[in-house]
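Here the structure comes first, spelled out in C-alpha cells, and everything after it is commentary.
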Amino acid sequence: MKFKLYVLLFCVIVFTLTAIGLAIVYTGGLALTFWSIFAYIIALAGTYAFLVQPLLTGERKLSGKKIVLLTLGVTIMGAIVTHSVWTVISPQWLFSVTTDKSTYSLGEDVKVTVSLKNLGFITHSFKSRVSDPIVIGIGTDLSQVWYSPFHKNTTEFSIEPGQNLERTFVWNQTIRNPPDVGERVGQGVYYIEAFIPDVSPNGFIGVDNIFFTWTSINITSI
C-alpha cells in the first residue's frame, strides 16, 4: 500500500510540475523566471529525496529504467493535457477591416465593415475604453482626415465561439478635422485603420489598442 502511494504521489508531482512549467511558458511569465527556477530546484530535490529514493531502495523497488520511463510517460501526459486545456481556454481572435470596393470616384460613399470574430472554443470577453468598441480612422501618409464618432465609457463585451462583433461605417469623403471640416478630400490613396481601444486611460484614443488592423483604398476622378 505504501509503495503504491509513493508511485501515485510521484506521478502527481511530475504531472503538476509539467503543467505549471508549461503554463508559465504559455503565459510568458518572464517575471516569474527566477522564482520558478528556484521552486523547480526545490521541488525536484524534494521529489528525489522523499519519493524517488524510497522507490529505488524500498522492498518493492523500481529500477532506474522504470523510474525514467514512468517520468517520461507522466510528463508527456501532463504536456498533452495542459496543451489541450490551454487550447480550449486561450482566446483566438480574427480582427478584419474591409471595404465594398477598392477604388472609388470622388464624392462616392465608402462603406467600411469591421469585424471581430471569436475563433476560440469558449466565450471570451474584453474591456474597451469606449462604449462601442470599434473605432476607425481614415487618412493619408501625412495626416488623418476622418474618424468615426466614439464615447469614452469603459465597457465589457463578450463574444460566443464562432460569433462576430461587426460594425459598418459610411464615409462620404468629407474631412472631419479642423480647419477643413466638411470639405471634400482629393484624389489619392487613403488608409483605413480599425482598432479597439484598451481600457488604459493614458494617451489618446488609438494609442493603446487591444486589436488593430488596416486596409487602403484609392480615390480617383473617374
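The values are calculated or read from the model by the stated rules, or taken from the named source; none is laboratory data. Here the structure is a predicted model, which means the values were calculated and not measured. We place every Cβ from the backbone using ideal geometry, glycine too, and count neighbours over all the protein chains shown. Accessible surface areas use protein heavy atoms only, side chains included; no ligands, DNA or RNA. Shrake-Rupley method; radii C 1.70, N 1.55, O 1.52, S 1.80 Å.
The table that follows gives values for the structure above.
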item	result
Contacts under 6 angstrom Cβ, first residue in the range 86-99 being in a loop (DSSP other than H, G, I, E, B), partner open to solvent by 70 Å² or more (accessible area, probe 1.4 Å), 6 or more apart	Q92/L119
Single condition F34 does not satisfy, out of (1) over 30 Å from E166 (Cα atoms); (2) at pLDDT 75 or above	(2)
Residue among T154, T168 that is without any contact (Cβ under 8 Å) to a residue 60 or more places away in the chain and either closer than 23 Å to P91 by Cβ or surrounded by 15 or more Cβ atoms within 10 Å (Cβ to Cβ) (or both)	T154
Residue selected from the range 127-166 under the condition assigned to a strand (DSSP E or B) and small (G, A, S), by the criterion nearest to P179 (Cα to Cα)	G139
Subset of the range 1-31 that is part of a helix (DSSP H, G or I) and at pLDDT below 65 - its residue that is most open to solvent (accessible area, probe 1.4 Å)	L30
Hits in the range 118-151 (condition: more than 30 Å from Q187 (Cβ to Cβ), surrounded by fewer than 18 Cβ atoms within 10 Å (Cβ to Cβ) and of a type in the set (S, T, Y))	T123, S125, S131
The range 206-222, residues that are hydrophobic (A, V, I, L, M, F, W, C) and crowded, with 18+ Cβ neighbours inside 10 Å	I210, F211, I217, I219
Residue check for T87: surrounded by fewer than 13 Cβ atoms within 10 Å (Cβ to Cβ) and modelled with pLDDT under 95	yes
Test: residue in the range 191-205 that is closer than 20 Å to V97 by Cβ, over 24 Å from the mean Cα position of the chain (by Cα) and open to solvent by less than 60 Å² (accessible area, probe 1.4 Å)	no
